[in-house]
Each structure stands twice: as structure tokens, then as C-alpha cells.
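Worksheet for the structure shown next.
What follows draws every value from the coordinates through simple rules; no lab data is involved. These numbers come from a predicted model, not from an experiment. For neighbour counting, all protein chains shown are included, and Cβ atoms are generated from backbone atoms with ideal geometry for every residue, glycine included.
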Amino acid sequence: MTVFDVLLPAFVAGLILTGMLAYLGVHVVERGVIFVDLSLAQIAALGTTIGFLFGYDVHSRTGYLFSLGFAFLGAAVFAFSRVHRNTRIPQEAIIGIAYAVAAAASILAMSKATRETEHLKEMLIGNILSVTWGELARTAVLYAAIGVFHFVFRKKFLLISLDEEEAERQGLSIRFWDLLFYVSFGFVVTSSVAIAGVLLVFSFLIVPAVSAMLFAERLGARLAIGWSMGAIVSAVGVYLSYLWDLPTGATIVTSLGAALLFFAAIRFLLRRRASPS
């Protein structure tokens, strides 16, 4: 097996993750619920832990259903706890509380697990180099289905994310469409974390979206920048992890952070050059 054979699945995984997460990241950043990914991932991890306590392997179909079921529960909580824009309690506070409670409950549950707790830790940390072509194929099909779903209802999702006042004026049921958004998001998070871990999934979700917002206002331009940035930096991170013998996920996350700083510096220089002073 050549180096190319080892690194190619990880590179393809980065492309697949970037394709879906960079799009969802635009919604997440515009809604101001930056840490919803971490919270949903932790809730899904709690579901996996509970399933494990009932005797189901973390990599089994039943274990996945436990994780997905808890993710749906979290989606319902976030959808129906959506607060009005003028209230004093931001939704980020609710998301943070959900994360803390789910993390504490996972620790309590894992304290009762007598074997194979390393599998539970692996789900949070991830190991993108160990992903198989079968996992990538299943994930690609799932993401394609979710992508079609979001494309069909894109006007409603985007209107709620970009202009909540106009969505209310048009009579949209904000909580209903939020529930659909977070349920689809739960599918993505549950599948993504199993491949790449919480930290890398969060970075793929937020960093390309924020980088794109530095240079573009239109959705199409943001997606083009986010997808390109995520794909290129992911490939660079995979290669550097091999070249310097570093953990792949952490290397990709660090590369994404460095790229964001580079983009921010370019944006600063461009604005300074355009300034009349």
C-alpha cells in the first residue's frame, strides 16, 4: 500500500465534510448559534454512551440509532427553545447549558462502563485516517439526500437564517422550520463525528464560513470561497500530518486556523489600502 492509498480516503473525507458543513456553517454563523454543533455532537455522544451501557457496540447500527435519537432530541430542544431576538436570554446560553449537561451525563454514564471506553473517546476525538471507502460512500449518500432536502426548501431556511423579521412577516412557522433544520443538522453531525471527531467537524463547520464572510456578502460567493478553502486546506493538513508524522485531525484543524488568520490579514490589508487615509 502506497502513501497515496493511505491518504486518499482522508482527503476524500475532507471534501465530503467540507461540502456539507461549509454550507450549514453559513446558516449557523448567520443565526448566531456558533456552538450548536458541539452541543449536538455531545448530545449524540451521550446517546452512544447510553446505548453502550445497554450492551450495543458503539459501531453497530443500534448504537448509531441511539446516537441519532439523542441528536433528534437535542434538535427538538434547540428548535422549541428558540428565543425572540429581543429577549434577554440568548439561544447560545441554552445551547451551552445543553452541552454542559450532556457532557456531565456522558461522564456519569462512562463511569459505569467497564470495557471499551476507548471507543467512546475515539468518537469524540476521531481518526480520519482510519475511515473506509464504505463509510465514505454511506456518508456521501446521506449528505446528498440532505443537500437535496435543503435545496428544495432553501428559500425558507435561508430567509429564517438571514432575515428572521421578514420570515415572521410572511407567516412562516419559525419553530417548525427550525426543527427540520436541526433534525437534518443532527443527521450530519452524528455521521460526521463518527468519521472525524467533534473538534474537526466544528472547524469544518465554522472556519470556512467565517473565512468566506470576510470577502463576500452573497451566498453563492460565500459557498464558493468556503468550499475551495476547506478542500485545499484539508488536503494540505492531511499531507502535513504525513510529512511531519502528526495527528491528522489536529493538523487539519490547525491548518484551518492558520488559513483563517491569513485570510483575515489579507482582508485587513485590502481595507487599509482602500481607506482614503
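Once every DSSP H run of n ≥ 4 in the chain is given -39500 (n - 2.57) and the sum is divided by its residues, what mean residue ellipticity at 222 nm do you get, rounded to the nearest 500 deg cm²/dmol? Working shown, then result.
Values: 12 runs with 222 residues, N = 277.
After summing the helix terms and dividing by the residues of the chain, the value is -27500 deg cm²/dmol.
To one decimal place, what Kirkwood hydrodynamic radius in Å is obtained for the chain from all pairs of distinct Cα atoms?
Values: mean 1/r = 0.0512 Å⁻¹.
After inverting the mean inverse Cα-Cα distance, the result is 19.5 Å.
Pop a pseudo-label 7 angstrom from the Cα along the beta-carbon direction at both Arg175 and Phe151 and give the gap in nm to one decimal.
Each label point is offset 7 Å from its Cα along the Cβ direction, giving 3.3 nm.
With r defined as the distance between the Cβ atoms of Arg138 and Leu15 and R0 fixed at 25 Å, what FRET efficiency is calculated, to the nearest 0.05?
Calculated value: 0.95.
Give the range of the longest stretch in the chain that excludes all chymotrypsin sites (Phe, Trp or Tyr not before Pro) found in loop regions by DSSP and having at most 14 other beta-carbon atoms within 10 Å.
Values: sites that count: Phe54, Phe153, Phe215, Trp244.
Segment 55-152 is the longest.
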